[in-house]
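Worksheet for the structure shown next.
The values are calculated or read from the model by the stated rules, or taken from the named source; none is laboratory data. This is a predicted model, so every value here is computed, not measured. Note that we place each Cβ from the backbone using ideal geometry, even for glycine, and neighbour counts take in every protein chain shown. Accessible surface is based on the protein model in full, side chains and every heavy atom, while ligands, DNA and RNA are left aside. Shrake-Rupley method; radii C 1.70, N 1.55, O 1.52, S 1.80 Å.
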Amino acid sequence: MNDLFLYLRKLFSFNSDQPLLFSQIHFWVLFFIIYIFFALIVSKHKGLKSRQTFRNAYLFFFSLIFYYKTSGLFVLLLIFSTLLGHRLGIDMDHSVSQNRRKTLMITGVAINLFVLCYFKYAYFFTDIYNSIFQTDIHVINHLALWSNTLFHTNHFDTSVILLPVGISFFTFQNISYIVDVYKRKIPHVSNILDFGFYTSFFPQLVAGPILRADQFIPQIYKPFYLSRRAFGMAVFWICNGLIKKIILSDYLAVSFVDRVFDNPSLYTPFENFSALMVYSLQVYADFSGYTDIAIGVAMLMGFYLPINFNSPYKATNPTEFWRRWHMSLSRWLRDYLYIPLGGNRTAGWTSYIILAAILFIAAFRLHNLAFTISVTTILIIVLLLYFLLPSHRRSLGTNVNNMDTMLLGGLWHGASFNFITWGGLNGIGILVNKWWRNKNWITHIVTLAVTTIALYIAKNNIQSSLLNMLHFISLVCLVAFSLLHMLPQRFAITKKVWMGWSVLLTFVFISFTRLFFRSGSNLNPAEANEVAWNTASMMVDRIGSQWNFSHIPAILDNYRSVFLVFLFGMIVHWLPTRFKRRYRIWFSKMPLWIMALICVLMVFILYQFITADLQPFIYFQF
C-alpha cells in the first residue's frame with residue numbers, strides 16, 4: 001500500500017528531468033485514473049447542461065495537472081492567459097463602442113504576443129541589440145527576480161529564461177479566440193471553467209493541433225457521445241501515433257539521425273545526406289504521431305480535433321506541401337497573418353517593412369558581405385518593380401505577403417536565424433513554383449541550362465561545397481526534365497512518372513530546408529544562433545564535398561535496420577488515401593476482443609523499440 005501511495009505521489013508531482021509524455025506508461029496510468037471518473041461524470045444525467053459544465057470543469061482541472069506535469073510552475077502562465085482571454089471576450093461583447101472593442105482586441109493580441117516574445121525571443125532580440133550597438137547586455141529573468149524579491153528568497157534562477165512547453169500553441173489559441181469574438185464569428189464564453197477547458201484541453205495543449213475558437217468552442221456545449229465505431233477509431237489513432245513515435249521517430253533519431261547531426265564532420269557525405277532524408281521522416285512521424293494520439297484521446301472523451309497532416313510527402317510542389325503539413329498552423333497563418341497583410345489582393349507598406357526589417361537584421365547579424373549585398377539587391381529590385389511596374393503591384397504584393405508569412409512562420413518555430421533561413425527557403429520554393437508553373441517547357445529547359453552553366457563556372461572559380469551541391473542538383477534536374485519532356489505526354493504512364501519525379505523533387509527540397517530546422521532544434525535559445533549555424537554549415541560542407549561511392553554499400557549494410565525502417569515508413573506514407581481509410585474503418589469495426597489482442601501485440605512490439613531514454617516530442621519546444 002505504501003508503494004502504491006509513493007507511486008501515485010510520483011505520478012502527480014512534477015519532475016523537470018522527466019516531463020510527462022504520451023509515450024510513457026505513466027501517462028496512460030494517469031489517463032486511466034482520470035477516465036474512470038470522467039466516465040462516471042458523463043454517464044449520469046446525460047444531456048443536462050450542468051453535467052456538461054461539470055465535465056468541462058473536471059477536464060480543465062486535469063488539463064492543469066497535465067501541464068504542471070510537463071512544465072511545473074509555468075502552469076501559472078497558462079492560468080494568466082486563460083483569465084486574460086476570458087475577461088477580454090466578455091468586455092468586447094458587452095461593449096457598444098466599436099473603438100473600445102477594437103482597443104480591447106489589440107490589447108489582448110499585444111499582451112499575448114508580448115508574453116510569447118518575452119519567453120521565446122528574449123535571447124534573440126538581445127543578441128540583435130548587442131550586435132547592432134556593440135553592447136554586452138545579458139538576459140535577465142525578471143519574473144524570477146520579482147518572485148525572489150517578493151518571497152525574500154533566491155530559489156529562482158534570474159540568469160536564465162526557460163521556454164514554457166507549448167507556449168506558442170496556447171498563445172495562438174487565445175489570439176484566435178480574441179480576434180473571432182471581435183469579428184463576431186462566435187459569442188464570448190461566459191463561464192470561466194468552460195473557457196479554461198478550451199484554452200487548456202490537455203491532448204493538444206503542448207504540441208497542437210491549434211484549436212480555432214469557432215471550431216472547438218461549440219463542442220464544449222454538446223453532451224458526451226461515443227459510438228462503438230468512434231471508440232474503435234480512437235483506439236486506432238492512439239496505436240497509430242505510438243507506432244509513429246516509438247518505432248519510426250525515436251528509433252531513427254537515436255540510431256542514426258542524432259549521431260550525424262551531433263558531429264557531421266565525422267560522417268561521410270552520403271551519411272550526411274541520408275541523415276537529412278531520414279530526419280524528414282523522423283520529424284513527420286514525431287509530430288503527426290503526437291497529433292494522432294491527441295486526436296484519439298480527445299475522441300475517447302467525445303471531442304473531435306482537426307486533422308493536422310494529410311500525407312505531406314505526397315506533395316508535388318512546396319505550395320501543396322504546406323497545404324498538407326501542420327494544417328492548423330498553415331490555416332492560422334493564412335487567416336490571421338497572410339490575409340490581414342493583404343493576401344492575394346494587395347500589400348501595404350507594412351508588408352514591405354516586415355520583409356526589409358527581417359532581411360536587414362539577418363544580414364547585419366551574420367556579418368556576411370555576400371549575403372548583405374544579396375539582400376540589398378533583392379530589396380532594390382522589389383522597390384524598382386513596385387515603382388516602375390504599377391500594373392504588377394498586385395502580384396508583387398502577393399509574393400511579398402507570401403514571403404513575410406513564411407519568414408514569420410519560420411520565426412514562430414524558434415528564436416534563431418536558422419529558423420528564419422528555413423522559413424525563407426520555403427518561401428523561395430513557393431515563389432519559384434508559382435513562376436515555374438506559368439511557364440512552358442522551353443523556358444524550363446533554358447532556365448535549368450543557364451543555371452547549370454552559371455553554377456559550373458562559379459564552382460570552378462570559387463571553392464565552395466555549397467556551389468558544388470547546387471550545381472549537381474541543377475544538373476540532375478536538367479537531365480531529368482529533358483528526358484521527361486521527350487516521353488509521349490498523352491500516355492497515362494507519363495503523367496505518373498511526372499508525378500513521381502515531382503514528389504521526389506519536393507521531398508528532397510523540403511528535406512534540405514530542414515537542415516536549418518534540425519540544426520536549430522533542441523538547443524537553448526542562448527546558444528541556438530551560433531551552434532545551429534555551425535552545424536548547418538558543416539553538413540553543407542560534407543554533402544558538397546567529394547563523394548566516395550564505394551563506401552555506400554558498407555554504410556547501407558552497417559545501418560541496414562535504419563534504412564529498412566525508413567523505407568517501410570515511406571512506403572506506408574505513400575499508400576493510397578482510400579486504402580488507408582479502408583483499414584482504419586476495418587479496424588474500428590472489428591470485435592473488441594480482437595482489437596484488444598492487436599493492442600497487446602502492438603505493446604509487445606513497441607517494447608522492443610523503446611530506447612533507454614524516451615525522446616521528447618520535437619514540437620514541445622515550440
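For the peptides 446-458, 547-559, the ranking by packing is 446-458, 547-559, with the highest mean count of neighbouring Cβ atoms within 10 Å listed first. For the range 310-357, the dipole from Cβ point charges (+1 on Lys and Arg, -1 on Asp and Glu) about the Cα centre works out to 140 debye, to the nearest 20. Helix 228-242 and the long axis of the chain differ in direction by around 50°, with both axes built from C-alpha atoms.
When the alpha carbon gyration tensor of the range 433-560 is reduced to an equivalent ellipsoid, its three semi-axes come out at 31, 19, 18 angstrom, largest first. For the pair V603 and Q134, the difference between a 0.36 nm per residue extended length and the Cα-Cα distance amounts to 163.2 nm. Cα convex hull, the range 34-111: 98 Å³ per residue, rounded to a whole number. A cut-off under 9 angstrom between Cβ atoms defines the neighbours of G289, and their net charge, with Lys, Arg +1 and Asp, Glu -1, is 0. Rounded to the nearest 10 degrees, the inclination of helix 525-543 to the longest alpha-carbon principal axis of the chain is 40 degrees.
Place a label point 7 angstrom from the Cα of I555 along the Cα-to-Cβ direction, then list the residues of the range 259-288 whose backbone nitrogen is under 15 Å away. It comes to 259-279, nothing else. Sorting 34-40, 167-173, 87-93 by average packing, meaning the other beta carbons within 10 Å per residue, from highest down gives 167-173, 87-93, 34-40. When the alpha carbon gyration tensor of the range 260-325 is reduced to an equivalent ellipsoid, its three semi-axes come out at 31, 16, 6 angstrom, largest first. Its alpha carbons give the range 530-586 an Rg and a Dmax of 18.2, 50 Å. For the range 468-485, backbone nitrogen atoms closer than 20 Å to the point 7 Å from L504 Cα along Cα-to-C-beta are found at 469-485.
Rounded to the nearest Å, what's the spacing between the alpha carbon centres of the range 275-315 and the range 177-217? Just the number, please. About 21 Å separates the Cα centre of the range 275-315 from the one of the range 177-217.
Averaged across orientations, what area in nm² does the convex hull of the alpha carbons in the range 212-252 project?
4.2 nm²
Pairs of Cα atoms nearer than 8 Å and 6+ residues apart set the relative contact order; for the range 332-438 it is 31 percent.
Couplings for the range 162-170, taken from phi via the Karplus curve 6.51 cos²θ - 1.76 cosθ + 1.60 with θ = phi - 60°, read 7, 8, x, 4, x, 4, 5, 6, 6 Hz in order; Gly and Pro are left as x. Could you calculate the FRET efficiency of I339 with I571 from 1/(1 + (r/R0)^6), where r is the beta carbon distance between them and R0 is 41 Å, rounded to 0.05? In this case the efficiency is close to 0.60. What does the net charge come to around R518 if you take all other residues with beta carbon closer than 12 Å to its beta carbon, with K and R at +1 and D and E at -1? With Lys, Arg at +1 and Asp, Glu at -1, the net is -2.
When the Cα centres of the range 457-508 and the range 369-437 are compared, how far apart do they sit, in Å? Here the two parts' Cα centres lie 24 Å apart. How big is D, in µm² s⁻¹, for the chain by Stokes-Einstein at 4 °C and 1.567 mPa s if Rh is the Kirkwood radius over C-alpha pairs? The estimated diffusion coefficient comes to 49 µm²/s. Checking the cross-link pairs K69/K314; K314/K459; K245/K580 against a 30 Å limit on the alpha carbon distance flags K69/K314; K314/K459 as lying beyond it. With the highest mean first, a sort of the peptides 560-566, 305-311 on other beta-carbon atoms found within 10 angstrom per residue produces 305-311, 560-566. What a 1.4 Å probe finds exposed on the range 39-121 is 71% carbon and sulfur by accessible area, rounded to a whole percent. Using the alpha carbons alone, the radius of gyration of the range 222-307 stands to its Kirkwood radius in an Rg to Rh ratio of 1.21.
Summing -39500 (n - 2.57) over the DSSP H runs of n ≥ 4 in the chain and dividing by its residue number, what mean residue ellipticity at 222 nm do you reach, to the nearest 500 deg cm²/dmol? Mind showing how you got there, number by number?
Working: 26 runs with 435 residues, N = 622.
Taking each H run of at least 4 residues, the total per residue is -23500 deg cm²/dmol.
Once R0 is set to 30 Å, what does the formula 1/(1 + (r/R0)^6) return for the Cβ-Cβ distance between F125 and I373, expressed as a FRET efficiency to the nearest 0.05?
The computed FRET efficiency comes out at 0.75.
Look at the alpha carbon pairs under 8 Å that are at least 6 residues apart: their mean separation over the length of the range 33-133 gives a relative contact order of 13 percent.
In terms of Cα atoms, the Rg and Dmax of the range 263-407 work out to 19.9, 59 Å.
May I ask for log10 I(q)/I(0) of the range 180-327 at q = 0.11 Å⁻¹, from a Debye sum over the Cα atoms as equal point scatterers with solvent left out? Here the Debye-derived log intensity ratios amount to -0.56.
Applying the Karplus relation 6.51 cos²θ - 1.76 cosθ + 1.60 with θ = phi - 60° to the range 376-392 yields 3J(HN,Hα) values of 4, 4, 4, 5, 5, 4, 4, 5, 4, 5, 5, 8, 8, 10, x, 5, 9 Hz, where x marks Gly and Pro.
Shape class of the range 363-503 from the alpha-carbon gyration tensor: prolate, with a/c at 1.5 or above and a/b greater than b/c. For the range 299-360, the Kirkwood hydrodynamic radius comes to 14.0 Å, computed from all pairs of different C-alpha atoms.
Relative to one another, the C-alpha centroids of the range 226-270 and the range 570-596 are positioned 18 Å apart. Per residue, the accessible area of the chain comes to 49 Å², computed with a 1.4 Å probe over protein heavy atoms only. Sequence-distant contacts, meaning Cα pairs under 8 Å at least 6 residues apart, place the relative contact order of the chain at 18 percent. In whole percents, the pair-distance distribution calculated for the range 175-265 from its alpha-carbon pairs, binned every 10 Å from zero, is 13, 29, 25, 20, 12, 2.
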